2 protein chains.
Amino acid sequence: MVVLEFSDQDVNRLFRALADATRRDVVRRTLVADVSVSQLADSYDMSFAAVQKHVAVLEEAGLVTKEPRGRERMVRGNPDRIREAQRLLDRFEEIWRSRIDRLDVLLAEDDPAPPDT
Amino acid sequence: MVVLEFSDQDVNRLFRALADATRRDVVRRTLVADVSVSQLADSYDMSFAAVQKHVAVLEEAGLVTKEPRGRERMVRGNPDRIREAQRLLDRFEEIWRSRIDRLDVLLAEDDPAPPDT
DNA sequence: ATATCATACAATCAAATGGTTGTATTAGAG
DNA sequence: CTCTAATACAACCATTTGATTGTATGATAT
């Protein structure tokens with residue numbers, strides 16, 4: 001199994017890409033089916049170039065891929081990257097849970113003398 | 001059960017807040033234990049005011065809360081917000097899975113005649 | 001062959017972001 | 001009471017972001 005490591009920059013790009021409603025919509029739509037850039041552009045109230053840039057941001061974040069199809073570029077959502085984002089959030093949850101565990105250990109102490117920090 | 005709805009803006013703020021390594025570190029540290037703003041500021045190679053701003057961004061995103069403790073402000077990570085971020089990502093996964101399901105239905109068709117869209 | 005559609009990309013611009021320093025306020029320590 | 005530590009907040013600045021328009025290129029259709 002390949003454990004792909006994420007640099008801080010990668011994680012920044014990933015969450016940054018998700019921090020825009022248009023981009024989230026693009027991801028949703030392209031998870032359902034491949035959609036060309038121009039089809040996407042028709043859906044939003046902004047220029048073609050603007051949509052193109054949003055797709056580029058998603059592509060750099062790994063959230064979509066582009067595949068040439070004739071004169072079009074079909075955009076495809078990448079569910080793996082979503083899962084990787086989830087995994088990153090899981091780690092925060094783990095940290096939280098480990099805090100709880102440590103508190104439980106304290107509460108379970110027979111001798112309630114506080115440990116010196 | 002209170003179903004709190006998220007506006008696009010809320011979601012933007014949430015992911016934007018996570019798109020910075022310093023802020024992610026603050027969240028991790030404050031999930032483990034309450035930490036004052038000045039304690040945080042000591043850890044990073046930037047001014048107190050800069051750290052203060054990062055904490056403010058996290059607070060607006062709901063990822064941390066601040067509680068006055070004497071002359072300090074203790075920062076506390078909010079695990080609920082992390083879970084809400086996870087829930088948002090879950091929805092993307094669901095969309096992906098529903099696509100698979102639809103493909104399965106197509107493959108399971110006895111009569112392979114394509115449905116008219 | 002030509003016109004057109006889909007895309008790429010550069011230049012430009014306003015607004016947001018991430019940092020700084022400086023000043024003010026407030027709470028605790030001496 | 002006075003000094004200091006912790007915070008808040010404003011002003012400022014450089015860089016990035018999100019959008020625009022304009023120009024160029026490649027693939028399709030006529």
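The values are calculated or read from the model by the stated rules, or taken from the named source; none is laboratory data. This one's a predicted model, so the numbers in the text were calculated from it and none came from an experiment. Cβ atoms come from the backbone with ideal geometry, glycine included; neighbour counts cover every protein chain shown. To get the accessible areas, we keep the full protein, side chains included, count just its heavy atoms, and leave off ligands, DNA and RNA. Shrake-Rupley method; radii C 1.70, N 1.55, O 1.52, S 1.80 Å.
Restricting to DSSP H runs of at least four residues, report the calculated mean residue ellipticity at 222 nm for chain B, -39500 (n - 2.57) per run over all residues, nearest 500 deg cm²/dmol.
Computed mean residue ellipticity for chain B: -20500 deg cm²/dmol.
State which stretch of chain B is the longest one without any exposed GluC sites (Glu not before Pro), exposure meaning a DSSP loop state and at most 16 other Cβ atoms within 10 Å.
On the way: sites that count: B:Glu5, B:Glu109.
Longest stretch, sites excluded: B:6-108.
For region B:30-50 and region A:1-73, what is the centre-to-centre distance using only Cα atoms, to the nearest Å?
Here the answer is 34 Å between Cα centres.
Sorted from shortest, what are the nm distances separating the label point of A:Ser43 from equivalent points in the other copies, each placed 7 Å from Cα along Cα to C-beta?
Copy-to-copy label distances for A:Ser43: 3.9 nm.
Using a label point 7 Å beyond Cα on the Cα-Cβ vector, give me the inter-copy distances for B:Glu67 in nanometres, one decimal, shortest first.
Going from nearest to farthest copy, the values are 5.2 nm.
Identify the residues of region B:47-69 with backbone N under 15 Å of a label point that sits 7 angstrom from the Cα of B:Leu4 along the Cα-to-Cβ direction, or state none.
Within reach of a label on B:Leu4: B:58-66.
What's the magnitude of the charge dipole for region A:8-104 around its Cα centre, counting Lys and Arg as +1 and Asp and Glu as -1 at the beta-carbon? Answer in Debye, nearest 20.
The dipole magnitude comes to about 140 debye.
When each pair of different Cα atoms in the protein assembly as shown is counted once in the 1/r mean, what is the Kirkwood radius in angstroms, to one decimal? Intermediate results must be reported in sequence, preceding the final value.
Details: mean 1/r = 0.0492 Å⁻¹.
Roughly 20.3 Å, rounded to one decimal.
Which lysines have a Cα lying under 28 Å from the Cα of B:Lys66, excluding residues fewer than 8 positions away in the same chain?
B:Lys53
Rounded to the nearest 10 Å², what accessible area does A:Asp101 show when all protein chains are kept and the probe is 1.4 Å?
About 90 Å², ignoring ligands and nucleic acids.
Starting from the Cα of B:Arg71, move 7 Å in the Cα-to-Cβ direction to define the label point; list residues of region B:20-64 whose amide nitrogen is under 19 Å from there.
Residues B:35-42, B:48-49, B:52 qualify, since their backbone N sits under 19 Å from the label point.
Across the residues of B:23-35, average count of Cβ atoms on other protein chains within 10 Å?
Working: counts 2, 7, 1, 0, 3, 4, 1, 1, 8, 5, 2, 0, 0.
Going residue by residue through B:23-35 and averaging, the value is 3.
Given the protein chains as shown and a 1.4 Å probe, how many square angstrom of B:Leu88 are accessible, to the nearest 10?
Result for B:Leu88: roughly 20 Å² accessible.
Identify, among B:Leu4, B:Val105, B:Leu14, the residue whose Cα sits farthest towards the positive end of the charge dipole of chain B, taking +1 on the Cβ of Lys and Arg and -1 on the Cβ of Asp and Glu, with the dipole about the Cα centre.
Working it through, the farthest residue towards the positive pole turns out to be B:Leu14.
For region A:8-104, what are Rg and Dmax over the alpha carbons, in angstrom?
Rg, Dmax (Cα atoms, Å): 16.5, 61.
Quick one: label points 7 angstrom along Cα→Cβ at A:Ser7, distances to the other copies in nm, smallest first?
When each copy's label point is compared with this one, the spacings are 3.7 nm.
Largest first, how would B:Arg76, B:Arg102, B:Arg81 line up by accessible area (1.4 Å probe)? Working shown, then result.
Numbers: B:Arg76 95, B:Arg102 115, B:Arg81 45 Å².
Reading off the accessible areas and sorting them downward yields B:Arg102, B:Arg76, B:Arg81.
With an 8 Å Cα cut-off and a minimum separation of 6 or more residues, compute the relative contact order for region B:8-104 in percent.
Numbers: 92 pairs, mean separation 27.4, N = 97.
Over region B:8-104, the number comes to 28 percent.
Please give the net charge around B:Arg23, taking every other residue with its beta carbon less than 14 angstrom from that of B:Arg23, where Lys and Arg add +1 and Asp and Glu add -1. Before the final figure, lay out each step's value.
Working: positive: A:Arg16, B:Arg13, B:Arg16, B:Arg24, B:Arg28, B:Arg29, B:Lys53, B:Arg81; negative: A:Asp8, B:Asp20, B:Asp25, B:Glu59, B:Glu60.
Surrounding charge for B:Arg23 is +3.
Per-residue accessible area for B:Arg99 at 1.4 Å probe radius, Å² rounded to 10?
Ignoring ligands and nucleic acids, B:Arg99 comes out at about 50 Å².
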